[in-house]
Amino acid sequence: MKDTAKHQGLRNQLASVLQQKGITDKNVLDAIKKVPRHLFLNSSFEDYAYQDKAFPIGAGQTISQPYTVAFQSQLLEVKKDDMVLEIGTGSGYQTAVLYAMGAKVYSIERQHELFKSTSLLLPKLNIRPKLLTFGDGYKGLPNYAPFDSIIVTAGAPMIPQPLMAQLKIGGRLVIPVGGDGEPQIMTMLVRKNETQFERHEFGEFRFVPLLENKN
């Protein structure tokens, strides 16, 4: 698992591209420069790893476009040691970016194949989330709540109530909202108090659907 000076140069270029597209959070850009995205992809895509594109990773899922990862991460306004719940571990790339930003990451993956492969990969890269678990992202992790922020990396038809309940007052929930087969609206809820949330919308994105455990 090589990470060379050439890869570092490509990461620096990618960070510059993201900056030109409007990513301003230095913490996010520094994380993009640190995380070896090529190691989260099938080796056949390695030559394209630092282009601002999404790629398939198996189990019908994708590794998100770097701009999307950076955009969602920027909305969270992560501070060191923030408890962040990630719904949809996927390849682990977003997990790694949050970890590089100083977050304590709790992550749930619904696809067992991805959960197994990512659980093996992250320790090899010295990326150690607080918890990586296989389960239903709609339910969140009530036993570890409340969280400083919650990030959902799949499109949901609506915002799951359990996730809203697991957010600290002042916390941020970032989720793409929309039906399967249509673009989703990037949505952020800020919890104002026990019952009130402030809603912000940030335009269209495309994500794979958030799967719910029907059992």
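The values are calculated or read from the model by the stated rules, or taken from the named source; none is laboratory data. If you're wondering where the values come from, they're calculated on a predicted model, not measured in any experiment. Using ideal geometry, Cβ is built from the backbone for each residue, glycine included, and neighbour counts are taken over all protein chains shown.
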### Query
With respect to the numbered conditions (1) crowded, with 22+ Cβ neighbours inside 10 Å; (2) under 26 Å from Ser16 (Cα atoms), which one is the sole condition not fulfilled by Thr118?
(2)
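With the requirement that a residue be assigned to a loop (DSSP other than H, G, I, E, B) and free of Cβ contacts under 8 Å to residues at least 40 places away in the same chain, what does segment 78-102 give you? Break it down into steps so the answer makes sense when it comes.
Initially, segment 78-102 is screened for residues assigned to a loop (DSSP other than H, G, I, E, B), giving 78-82, 88-92, 101-102.
Scanning segment 78-102 gives Lys80, Asp81.
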### Task
Output the residues belonging to segment 140-163 that are crowded, with 16+ Cβ neighbours inside 10 Å and either charged (D, E, K, R) or touching a helix residue (DSSP H, G or I) at 6+ places or on another chain (Cβ under 6 Å) (or both).
Gly140, Asp148, Ser149, Ile150, Ile151, Thr153, Pro160
### Message
Would you confirm, using the coordinates I've provided, whether Leu121 is over 30 Å from Lys2 (Cβ atoms), at pLDDT 95 or above and assigned to a helix (DSSP H, G or I)?
### Response
no
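Take Ile127 and decide whether it is in contact with a Ser or Thr (Cβ under 8 Å, 6 or more places away or on another chain), closer than 28 Å to Asn27 by Cα and not in a strand (DSSP E or B). Break it down into steps so the answer makes sense when it comes.
Working: in contact with a Ser or Thr (Cβ under 8 Å, 6 or more places away or on another chain): yes; closer than 28 Å to Asn27 by Cα: yes; not in a strand (DSSP E or B): yes.
So Ile127 passes the test.
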### Query
Quick one: how many residues across segment 64-83 are buried (at least 23 other Cβ atoms within 10 Å of the Cβ) and either in contact with a Lys or Arg (Cβ under 7 Å, 6 or more places away or on another chain) or within 18 Å of Pro36 (Cβ to Cβ) (or both)?
6
### Task
Could you tell me which residue of segment 129-186 is farthest from Met83 (Cα to Cα), considering only residues that are in contact with a Gly (Cβ under 9 Å, 6 or more places away or on another chain) and among the hydroxyl-bearing types (Ser, Thr, Tyr)?
Thr153
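So which residues in segment 54-77 are hydroxyl-bearing (Ser, Thr, Tyr) and part of a strand (DSSP E or B), if there are any at all? Don't jump to the end; show me each part of the working.
The first filter runs over segment 54-77 and keeps only residues hydroxyl-bearing (Ser, Thr, Tyr), leaving 62, 64, 67-68, 73.
Hit for segment 54-77 is Thr62, nothing else.
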### Task
Could you please give the count of residues in segment 1-53 that are touching a strand residue (DSSP E or B) at 6+ places or on another chain (Cβ under 9 Å), buried (at least 17 other Cβ atoms within 10 Å of the Cβ) and in a loop (DSSP other than H, G, I, E, B)?
2
### Task
Go through the residues of segment 164-184 one by one and say whether even a single one is modelled with pLDDT of 95 or more, buried (at least 20 other Cβ atoms within 10 Å of the Cβ) and not in a strand (DSSP E or B).
yes
### Summary
Of Leu125, Leu120, Leu132, the only residue that is of a type in the set (A, V, I, L, M, F, W, C), free of Cβ contacts under 8 Å to residues at least 60 places away in the same chain and more than 24 Å from Gly155 (Cβ to Cβ) is Leu120
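Of the residues Gly137, Gly92, which is surrounded by 23 or more Cβ atoms within 10 Å (Cβ to Cβ) and modelled with pLDDT under 95? Show your work before the answer.
Working: Gly92 fails: modelled with pLDDT under 95.
Within the list Gly137, Gly92, the selection yields Gly137.
Mind checking which residues of segment 136-156 are within 19 Å of Ile63 (Cα to Cα) and touching a residue at least 60 places away in the same chain (Cβ under 8 Å)?
Applying the first criterion (within 19 Å of Ile63 (Cα to Cα)) to segment 136-156 yields 137, 150-156.
Within segment 136-156, Gly137, Ile150, Ile151, Val152, Thr153, Ala154 qualify.
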